[in-house]
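The values are calculated or read from the model by the stated rules, or taken from the named source; none is laboratory data. Predicted model only: the values in this text are computed from it and were never measured. Note that we place each Cβ from the backbone using ideal geometry, even for glycine, and neighbour counts take in every protein chain shown.
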Amino acid sequence: MIQEIYMKNCALIDELRLTIDENLNILTGETGAGKSIIIDAINLCLGNKYDRTFLRKGTDKGVVEIVFYTENENVKSFSAENGIDLEDDGLMIVTRSFTSDGKSSTRINGRVVKLSTLKAVTGMLVDVHGQHQNNALLNADKHIEFLDLFGGEEIEKHKIEYKKVFSKFQQIKRQLNEINENKDDREIEREIDLLKFQIDEIEAANLDENEYIELLKQREIYRNSEKIYEKLNFCYEGLNHGDINAVDIIGRVSKDLSDISKYDESLGKISEEVDRMMYELQDISADIRNYKDNIDFEPYELEQIEIRVDDINNLRRKYGNTIEEILKYHGEISDRLSEILNRDERVEALKKELSRQGLELAKRAKELTETRVEKSVELEKLLLDELESLNMKNVTFKVEISDSEFSESGKDKVKFVFSSGGKDKIEFMVSFNLGEDMKPINKVASGGEMSRFMLAFKTILADIDGTDTLIFDEIDTGISGIAAQIVGTKLRNISDKKQVICITHLPQIAANATTHFLIEKSVKGDRTFTSIDKLDEDSRVEEIARLIAGSSITKKTLEHAKEIINETQNR
């Protein structure tokens, strides 16, 4: 739930801090005092886009900060997955900072997050009801969402199973479409010819993964064979021939050390080391001789290596940077050729699998529909009970469930549709007056009826959805008198289960507040300011009286206000 709201440089608000009660918070004030600023600020911290007109005129930067407290396990899990550290006591601080150049930043507990992340996490905490939600109820495409939300885990379980099959079904359809994608027989034949040519070219090369590197090494040796021979010959001569050569020098050193080693044993060890060196030099000399004697200056060999390297480079330019990539490409085009050559068999196999998955999809869709039908009966009864408690006694309501369908352009044939949410088309049918036929809700509902209708939904869903806070803006549209009194009582009952924040113009609703805030607009110097103050008992009576009688407050009006407040406490 929301514990505190802080605002600075927001529209007409210079700076304010509100501590929100855990039950029913009512905000009242004259028209134009700035009640919408509060809703806009809350929506900003729920992930709405920033509009620079929200920044107070003459300032460069503003901020809205909301302190939430939550024990919601889904929120905690989501936060952990997205690297957001919640406080040990369940506190979550959302901060939206914004500037005059239209930029804004979003933080949760000090960590910068995307708006999509903010929307996802706050959507589990707060539900804002305003005119847009009434419009959602008037949109028949949204009715399936309302029913599925009411159905909770039972419907969700069937939706998950259905979506698994639907995903497989769609995948097979895509594969069939790819095979049949706008290609005539000539295009297919051309592709077959090209694939065969590429496969033959790669196979004819008889490639080995390590061959190319070895060829480059050999080519380097062959290109420098004369230089190598000259250097090796010089080394060999230096070790074995000439008046002074390494082997003879080491031999004399070895003999001299051997002669004197009888005088000192330590010299014997040195003599042995020199002997070892001499033998190693002789071995090295032999290796050099063998290497240079086997060097072949045959130009033909180098020519063959150059040809082979060029052939491989040609394949590399066409099919991949490395032999490994070329061989991988060979495997892919071989599979593609096999797929084309076995196209008819593949199409037939996919069609059979599509048919099998289609039957399974129809089965899962039927199970989903049956569950929705069961839940729709429960929803109809609960909603009618709630509407009756809201003084709407002659209402009839029906959740109409039918198969989704469409007509192909230019054809009379109607097809039924499987979508990601099933095959159901759901529409709320209602009659608000005795003796009238039921019609789609968007055809018959007035503003007041829609407000109470949505409130009935919220009451039913209060125990189902996981949100901690409900915010009602324009809940009193089109209602007054007894209906307003009943709505006020209903809001108070909801606030026993959830935190409620409500903006209203009606005294019958405002009197139910556990905490009452007054929004006022004033002028200081040449600037306009909006302020919000928590009312004590006396101030609250005065505000209820103002809602009753406007500016003409009398002693009798004040007594009436006290009476309304007392009545709400005794309900």
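Here the condition is being in a helix (DSSP H, G or I) and in contact (Cβ under 8 Å) with a residue 60 or more places away in the chain; of LEU558, LEU518, LEU491, it holds for LEU491 alone. Comparison of LEU115, LEU86 shows that the only residue that is of a type in the set (A, V, I, L, M) and at pLDDT 90 or above is LEU115. Is it the case that SER531 is surrounded by fewer than 13 Cβ atoms within 10 Å (Cβ to Cβ), of a type in the set (Ser, Thr, Tyr) and more than 20 Å from ILE475 (Cα to Cα)? So SER531 fails the test. Does ALA549 qualify as being among the small types (Gly, Ala, Ser) and touching a residue at least 24 places away in the same chain (Cβ under 8 Å)? Considered against the rule, which asks whether it is among the small types (Gly, Ala, Ser) and touching a residue at least 24 places away in the same chain (Cβ under 8 Å), ALA549 comes out as no. Take the conditions (1) touching a His at 6+ places or on another chain (Cβ under 6 Å); (2) within 22 Å of TYR279 (Cα to Cα); ILE202 misses just one of them, which is (2). Within the range 249-269, residues that are without any contact (Cβ under 8 Å) to a residue 12 or more places away in the chain have Cβ atoms under 8 Å from residues that are surrounded by 11 or more Cβ atoms within 10 Å (Cβ to Cβ) and part of a loop (DSSP other than H, G, I, E, B) in these pairs: LEU267/SER261; GLY268/SER261, counting only partners at least 6 apart in sequence or on another chain.
Among the conditions (1) surrounded by 20 or more Cβ atoms within 10 Å (Cβ to Cβ); (2) part of a loop (DSSP other than H, G, I, E, B), GLU436 misses just one, which is (1). The lone criterion from (1) surrounded by 13 or more Cβ atoms within 10 Å (Cβ to Cβ); (2) at pLDDT below 95; (3) not basic (Lys, Arg) left unmet by GLU71 is number (1).
Restricting to the range 176-196, name every residue that is on the phi < 0 side of the Ramachandran plot and either touching a Leu at 6+ places or on another chain (Cβ under 6 Å) or outside any helix (DSSP H, G or I) (or both).
Correct list: LEU176, ASN180, GLU181, LYS183, ASP184, LEU195.
Out of curiosity, is GLN175 in contact (Cβ under 8 Å) with a residue 12 or more places away in the chain and surrounded by 12 or more Cβ atoms within 10 Å (Cβ to Cβ)? Taking the combined requirement at face value, the residue satisfies it.
To keep it simple, each residue is scored yes or no on (1) in contact with a Pro (Cβ under 8 Å, 6 or more places away or on another chain); (2) among the charged types (D, E, K, R); (3) more than 30 Å from ILE221 (Cα to Cα).
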residue	(1), (2), (3)
GLU306	no, yes, no
ASP310	no, yes, no
GLU324	no, yes, no
GLU332	no, yes, yes
SER355	no, no, yes
LYS363	no, yes, yes
ASP385	no, yes, yes
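Selection within the range 190-241: residues that are of a type in the set (Phe, Trp, Tyr) and under 30 Å from LYS292 (Cβ atoms). The member of this set that is modelled with the highest pLDDT is TYR212. Pairs meeting the criteria (first residue in the range 5-21 and free of Cβ contacts under 8 Å to residues at least 60 places away in the same chain, second residue buried (at least 19 other Cβ atoms within 10 Å of the Cβ) and of a type in the set (Lys, Arg), beta carbons under 6 Å, at least 6 apart or on different chains) are ASN9/ARG56. In the set ILE479, ILE564, ILE486, only one residue is in a helix (DSSP H, G or I), at pLDDT below 90 and either surrounded by fewer than 17 Cβ atoms within 10 Å (Cβ to Cβ) or more than 39 Å from the chain's Cα centre (by Cα) (or both); that residue is ILE486.
Conditions tested, residue by residue: (1) surrounded by fewer than 16 Cβ atoms within 10 Å (Cβ to Cβ); (2) under 30 Å from ASP476 (Cα atoms); (3) among the acidic types (Asp, Glu).
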| position | (1), (2), (3) |
| --- | --- |
| GLY331 | yes, no, no |
| LYS351 | yes, no, no |
| LYS366 | yes, no, no |
| THR371 | no, no, no |
| LEU384 | no, yes, no |
| ILE401 | no, no, no |
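If you check ASN290, ASN321, ASN313, ASN294, which single one turns out to be under 40 Å from the mean Cα position of the chain (by Cα), loosely packed, with under 12 Cβ neighbours inside 10 Å and more than 30 Å from LYS423 (Cβ to Cβ)? If you could, list the steps in order and put the result at the bottom.
On the way: ASN290 fails: under 40 Å from the mean Cα position of the chain (by Cα); ASN313 fails: under 40 Å from the mean Cα position of the chain (by Cα); ASN294 fails: under 40 Å from the mean Cα position of the chain (by Cα).
Selected residue: ASN321, the only one of ASN290, ASN321, ASN313, ASN294 that is under 40 Å from the mean Cα position of the chain (by Cα), loosely packed, with under 12 Cβ neighbours inside 10 Å and more than 30 Å from LYS423 (Cβ to Cβ).
Quick check: anything in the range 516-524 farther than 21 Å from ILE5 by Cβ and either in contact with a helix residue (DSSP H, G or I) (Cβ under 7 Å, 6 or more places away or on another chain) or among the small types (Gly, Ala, Ser) (or both)? There is no residue in the range 516-524 that is farther than 21 Å from ILE5 by Cβ and either in contact with a helix residue (DSSP H, G or I) (Cβ under 7 Å, 6 or more places away or on another chain) or among the small types (Gly, Ala, Ser) (or both). Of all residues in the range 453-476, those satisfying the criterion of being part of a helix (DSSP H, G or I), out of contact with any Asp or Glu (no Cβ under 7 Å at 6 or more places or on another chain) and farther than 20 Å from LEU27 by Cβ are PHE453, PHE457, LEU461.
How about the range 337-372: which of its residues are β-branched (Val, Ile, Thr) and in contact with a strand residue (DSSP E or B) (Cβ under 6 Å, 6 or more places away or on another chain)?
THR369
Yes/no per residue for (1) hydrophobic (A, V, I, L, M, F, W, C); (2) surrounded by fewer than 21 Cβ atoms within 10 Å (Cβ to Cβ); (3) farther than 28 Å from GLN508 by Cβ:
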{"site": "GLU4", "(1), (2), (3)": "no, yes, yes"}
{"site": "ALA11", "(1), (2), (3)": "yes, yes, yes"}
{"site": "LEU16", "(1), (2), (3)": "yes, yes, no"}
{"site": "ASN25", "(1), (2), (3)": "no, no, no"}
{"site": "GLU30", "(1), (2), (3)": "no, yes, no"}
{"site": "GLY34", "(1), (2), (3)": "no, no, no"}
{"site": "ILE38", "(1), (2), (3)": "yes, no, no"}
{"site": "VAL64", "(1), (2), (3)": "yes, no, yes"}
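Checking the range 161-171 against the condition returns no match, with no residue being modelled with pLDDT of 85 or more, over 30 Å from LEU147 (Cβ atoms) and surrounded by 13 or more Cβ atoms within 10 Å (Cβ to Cβ). Looking across the range 210-251, just one residue is of a type in the set (Lys, Arg), more than 60 Å from the chain's Cα centre (by Cα) and surrounded by 11 or more Cβ atoms within 10 Å (Cβ to Cβ), and that is LYS231.
Among the residues of the range 3-19, write down those that are aliphatic (A, V, I, L, M) and at pLDDT below 95. If the condition is that a residue be aliphatic (A, V, I, L, M) and at pLDDT below 95, then ALA11, LEU12, ILE13, LEU16, LEU18 are the ones that fit. Only a single criterion out of (1) modelled with pLDDT of 90 or more; (2) over 27 Å from the mean Cα position of the chain (by Cα); (3) hydrophobic (A, V, I, L, M, F, W, C) is not satisfied by ALA33, namely (1).
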